[in-house]
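*Asks:* One structure follows; several queries about it will come next.
The values are calculated or read from the model by the stated rules, or taken from the named source; none is laboratory data. Because the structure is a prediction, the values reported are computed rather than measured. Note that we place each Cβ from the backbone using ideal geometry, even for glycine, and neighbour counts take in every protein chain shown.
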Amino acid sequence: MNHVYTKTALLLGLALLPQLAYAHLVETRFGEFYSGLLHPLTTLIHVVAWLALGFLAGFQTLKEARKILVLFPLAVVLGAIFANFFDARVGSAQANLDYVNLASIVILGTGVIWAKNLPSYVVLGIAVFFGLTHGMANANANLSANGQILYLAGIMVAAYLLVCLASAGVVLLTQKHDWGKTAVRALGSWILAVGIIFSGFSLLTLSV
Amino acid sequence: MKYTTKKWTTEENALSTKTVLAIALILCAFSVHAHSELGVAGGLMSGFLHPIYGFDHLLAMVAVGLWGAQLGKPAIWVLPITFPLVMAVGGLIGMAVIDIPFVEFGISLSALALGAAVAFCWRPHIAFAAVVVAIFAIYHGHAHGTELPSAVNPLAYGVGFVISTGLMHLVGIVLGLMTRWPKGQKLLRGLGAVIAASGLFFLASTVGLLV
């Protein structure tokens, strides 16, 4: 029977051994960077809108798409800095910001369905304006100076990566396949549908 | 000191295996989700599964894709784009708790009508086909909207059922590519007939003809 007890004790010992996993490395030096990187990527309102902007950028000329790739992440960071300085995420200001960001899903989704080359000032204006509002919504004032820099760098990288990958995907798909444009337009309809549902739902709950 | 090797009896061996197995099973245990429909993850999951669990929803949405593929361009993208957009409006009406008469009847009828359209290879004007699909989408959206669980994130729920619906259209479109082959066309029409027959069954159940 001793054999059984040894095995049992060994198994129990092994079961007690595992340590906590640190998926987000918050206790390491770059913790706030990952925090900034993940904040927009784990919030649907940002992910959906940023993907839509990436799809829209993919339908523009290469020159415009490149400008969006530079301007949008910068606008996101500027928005976050602005929100930190002016405390723009308080009370009704936060609610208004949410409505604007919801509107971005509707407007960008419509743009993706439209799938047209838009005038430069329109597409860049959209990218900068919504970059600022989404940046403001991602701000986090409760960080030290070092933490703030890492956090902002994280948000900027997230904005760049998401828009860059989405637009590159659209370019590849539309250039290589006949059905590519149709598929992206269908994705646009999904984005617009989500925007309609959530904007409408927010207005409904507001009126109750 | 003399060491002797003890011979284990079969019973003791069995006990040891049982113990090890039991402990291994304990270690394999998954976390318990007592309130599974919570937050963003719960919303995504319940939204995604809602159209799939409803067989009438599933068949009607696959039929939209099939019909679009059968009609060809531009219906192949107009119908699957029209459906989720109008469905979103239907979902909002449902969330606002505004009643629409005969919702279940409308959903069953959609499977019957869209299945029949594929079976009979009906080719109306694209605008008319879009209107037909839009009317049925209102009913489907309303059903999803009214059944939005209160604990879930509404945006995630919306994302879930829109993606699920879109993927079912995609399944229909991919199946509809069979129209490129002569035998495929017949098979597609057969598939439409099966959907229409299922729709008829759902319709009979809704009006109480089948208990």
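Listed here are the residues, each with its yes/no results for (1) crowded, with 21+ Cβ neighbours inside 10 Å; (2) in a helix (DSSP H, G or I); (3) of a type in the set (Gly, Ala, Ser).
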| site | (1), (2), (3) |
| --- | --- |
| B:PRO124 | no, no, no |
| B:PHE128 | no, yes, no |
| B:VAL133 | yes, yes, no |
| B:GLY141 | yes, yes, yes |
| B:THR165 | yes, yes, no |
| B:HIS169 | yes, yes, no |
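*Asks:* Also, I was wondering about something else. Checking the condition within 14 Å of another protein chain (Cβ to nearest Cβ), among the β-branched types (Val, Ile, Thr) and not in a loop (DSSP other than H, G, I, E, B), which residue from A:ILE155, A:ILE113, A:ILE126 passes?
*Replies:* Of A:ILE155, A:ILE113, A:ILE126, the one residue that is within 14 Å of another protein chain (Cβ to nearest Cβ), among the β-branched types (Val, Ile, Thr) and not in a loop (DSSP other than H, G, I, E, B) is A:ILE113.
*Asks:* Let me ask something else about it. Would you tally the residues in the stretch A:158-191 being in contact with a Leu (Cβ under 6 Å, 6 or more places away or on another chain) and either within 8 Å of chain B (Cβ to nearest Cβ) or modelled with pLDDT of 90 or more (or both)?
*Replies:* The qualifying residues number 5.
*Asks:* Can you pull out the residues in the stretch B:56-68 that are over 21 Å from A:ILE191 (Cα atoms) and modelled with pLDDT of 90 or more?
*Replies:* Once the filter is applied, which keeps residues that are over 21 Å from A:ILE191 (Cα atoms) and modelled with pLDDT of 90 or more, the stretch B:56-68 yields B:LEU59, B:ALA60, B:ALA63, B:LEU66, B:TRP67.
*Asks:* Only one of these conditions is not met by A:ALA52: (1) closer than 18 Å to A:SER189 by Cα; (2) surrounded by fewer than 21 Cβ atoms within 10 Å (Cβ to Cβ). Which number is it?
*Replies:* Unmet condition: (2).
*Asks:* Only one of B:GLY184, B:GLY145, B:GLY160, B:GLY176 is buried (at least 16 other Cβ atoms within 10 Å of the Cβ), farther than 30 Å from A:GLY200 by Cβ, at pLDDT below 90 and of a type outside the set (A, V, I, L, M); which?
*Replies:* The match here is B:GLY176.
*Asks:* Given the criterion of a type in the set (Ser, Thr, Tyr) and modelled with pLDDT of 90 or more, identify the matching residue among B:THR4, B:THR10, B:THR82, B:THR19.
*Replies:* Within the list B:THR4, B:THR10, B:THR82, B:THR19, the selection yields B:THR82.
*Asks:* Which one is surrounded by the fewest Cβ atoms within 10 Å (Cβ to Cβ) among residues in the stretch A:127-183 that are of a type in the set (S, T, N, Q) and under 19 Å from A:GLN94 (Cα atoms)?
*Replies:* A:ASN142
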